[in-house]
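Trainee: Mind having a look at this structure? Questions to follow.
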Amino acid sequence: MILTTLLRTWLTRSFRPFIFRGRSAPQGGKQSLKLNYAAAENLGLYVHIPFCRTICGFCPYNKEIYSTQAAAAYKAALLAEIGLVGGVPSANGKKSVTSLYFGGGTPALMARDLSDIIQKLREYFVITGDIGIELHPDDVDTATLQTIKDAGVTMVSIGVQSFDADCLSMIGRTYNDFENKIALAKSFGFSVIDVDLIFAIPGQSEQTLKNDLAKALQSGATQISTYPFIDFTFADNAYKPLPSARKKRLLKSILAQSGSLGLTRTSVWTFALKGTQKYSSVTRDNFLGFGPGATTLLKDIFKVNTFSVSAYIQTVSEGTLPTALTLSFTPRQRAAYFLFWSAYGLKIREEDFKKATGRSLSDMFGLELALGGLLGLFKKTEEGYSLTQKASFLYHKIEQVYTTAYIDKMWNIARKVPFPQKIVLK
């Protein structure tokens, strides 16, 4: 993609692409995969549960059909991986982490195992913040909610996608009493009730989308995450997403409706009631990922676990981290990565940038920020910079291109080859 190449070259001041090397490459191998996160600040934890009852065509995430036997073997491997990664000493003993997030797949299929998984993580980490989990609407019932609540979960994200039957049929879903399920989750006192909605579904109207937002909020949501329908090359979608111009109109209608509902925009695609704690799986300065397909981000590296559940289990059983690919950042590549995801959250904080990169924001990107200010994309704040609405629309477009050029390519290869030799992202 020309746009990603131009942006990468400009922001990193280099023609060097992002090169992910496999285990047998010079920068791969067992020795280089030892993780040193002792000094990492704002460190989050992510655990991937790779099982689903059925496979949704629109969902690109790493998953396979659930079975009790597969889940039991996976749990043993997951606990072992936590043990392999854990134990890096810090000044105060156990490493403090800001959050823990369970994604999938369908994490509730292993709801009864969450307590053991969290307990294992607590052997090595002090979880100072909230614990979140993604829920399929079919799993929102009294028994499951009580189980995850008892395990320590404080935030839930319910993948409703839409309240409209026609829109749901387009993505292979059916309506299942969503309003009452959200209300039931609300009654358990979770600090955040996030509802995921998809926009730009084929045939979706602005009014349908506005109704979705209103119903989510009226049912008890404290945050609404709105994601564009993306047609990954490996997804089994019967319908194609709407054109870019149509997506932009729908995003504008989301902005207008969210404002009328009293919601505050907290990222490019998320809107929350005032006082709601931030809920996201990706906007962390550093994070450790556990499970097949999970990623880890630290100051100098970005690594990806094998996507294959069987290869993951086998590798961990041999006492080796299940890393499939590793990117060793140049300083400017790491800075560009930080800039991209900070922009997703609509704010770029000087202090956080310096902690993550060791450099001054103005030193590395002073030209870009000055130009962005002239173009009406950034506003200077006491903490750094904030994105304008104009910039948020531009980010939306760039993110779509980034997803196609980078994420789609990497995931497509990783799904087929457990341990690729190398992936080059230009």
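Trainee: Would you mind listing the helices (runs of 4 or more DSSP H) fully within the range 48-164 where at least 2 residues are closer than 27 Å to Gly319 by Cα and under 21 Å from the mean Cα position of the chain (by Cα)? Full working, then the answer.
Mentor: Details: elements: 68-85, 114-122, 142-151.
It comes to 68-85, 114-122.
Trainee: Filter the range 191-222 down to the residues that are part of a helix (DSSP H, G or I) and buried (at least 21 other Cβ atoms within 10 Å of the Cβ) and list them by number. Working first, answer last.
Mentor: Of all residues in the range 191-222, those part of a helix (DSSP H, G or I) come to 206-219.
Selection gives Leu209, Asp212, Leu213, Ala216, Leu217, Ser219.
Trainee: If only one of Leu255, Leu298, Leu251 is at negative phi, within 21 Å of the chain's Cα centre (by Cα) and in the same structural domain as Ala214 (by TED's automatic domain parsing), which one is it? If you could, list the steps in order and put the result at the bottom.
Mentor: Working: Leu255 fails: within 21 Å of the chain's Cα centre (by Cα); Leu298 fails: in the same structural domain as Ala214 (by TED's automatic domain parsing).
Answer to the selection: Leu251.
Trainee: In contact with a Cys (Cβ under 9 Å, 6 or more places away or on another chain), within 29 Å of Ser225 (Cα to Cα) and modelled with pLDDT of 95 or more: which single residue out of Leu109, Leu121, Leu135, Leu145 fits that description? Working first, answer last.
Mentor: Working: Leu121 fails: in contact with a Cys (Cβ under 9 Å, 6 or more places away or on another chain); Leu135 fails: in contact with a Cys (Cβ under 9 Å, 6 or more places away or on another chain); Leu145 fails: in contact with a Cys (Cβ under 9 Å, 6 or more places away or on another chain).
The match here is Leu109.
Trainee: Could you please give the count of residues in the range 222-237 that are touching a residue at least 40 places away in the same chain (Cβ under 8 Å) and over 17 Å from the mean Cα position of the chain (by Cα)?
Mentor: Selection size over the range 222-237: 6.
Trainee: Report, by residue number, each residue of the range 107-142 that is charged (D, E, K, R) and touching a strand residue (DSSP E or B) at 6+ places or on another chain (Cβ under 8 Å).
Mentor: The initial filter retains those residues of the range 107-142 that are charged (D, E, K, R), namely 112-113, 116, 120, 122-123, 130, 134, 138-139, 141.
Of everything in the range 107-142, those that are charged (D, E, K, R) and touching a strand residue (DSSP E or B) at 6+ places or on another chain (Cβ under 8 Å) turn out to be Asp130, Glu134.
Trainee: While we're looking at this one, here's another question. If Ser219 meets every condition in (1) at pLDDT 95 or above; (2) farther than 20 Å from Lys274 by Cα apart from one, which number is that one?
Mentor: Condition (2) is where Ser219 drops out.
Trainee: Follow-up. Run down Lys252, Lys274, Lys248, Lys240 and say which single residue is in contact with a strand residue (DSSP E or B) (Cβ under 9 Å, 6 or more places away or on another chain) and among the basic types (Lys, Arg). Even if it seems obvious, please write down each step before you answer.
Mentor: Details: Lys252 fails: in contact with a strand residue (DSSP E or B) (Cβ under 9 Å, 6 or more places away or on another chain); Lys248 fails: in contact with a strand residue (DSSP E or B) (Cβ under 9 Å, 6 or more places away or on another chain); Lys240 fails: in contact with a strand residue (DSSP E or B) (Cβ under 9 Å, 6 or more places away or on another chain).
Of Lys252, Lys274, Lys248, Lys240, the one residue that is in contact with a strand residue (DSSP E or B) (Cβ under 9 Å, 6 or more places away or on another chain) and among the basic types (Lys, Arg) is Lys274.
Each row is one residue, and each column tells you yes or no for (1) of a type in the set (A, V, I, L, M, F, W, C); (2) touching a strand residue (DSSP E or B) at 6+ places or on another chain (Cβ under 7 Å).
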{"residue": "Leu371", "(1), (2)": "yes, no"}
{"residue": "Glu382", "(1), (2)": "no, no"}
{"residue": "Tyr385", "(1), (2)": "no, yes"}
{"residue": "Phe393", "(1), (2)": "yes, no"}
{"residue": "Thr404", "(1), (2)": "no, no"}
{"residue": "Lys409", "(1), (2)": "no, yes"}
{"residue": "Asn412", "(1), (2)": "no, no"}
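The values are calculated or read from the model by the stated rules, or taken from the named source; none is laboratory data. As the structure is a computational prediction, the values presented were derived from the model and not from experiment. All Cβ positions, even for glycine, are placed from backbone atoms using ideal geometry, and neighbour counts span all protein chains on display.
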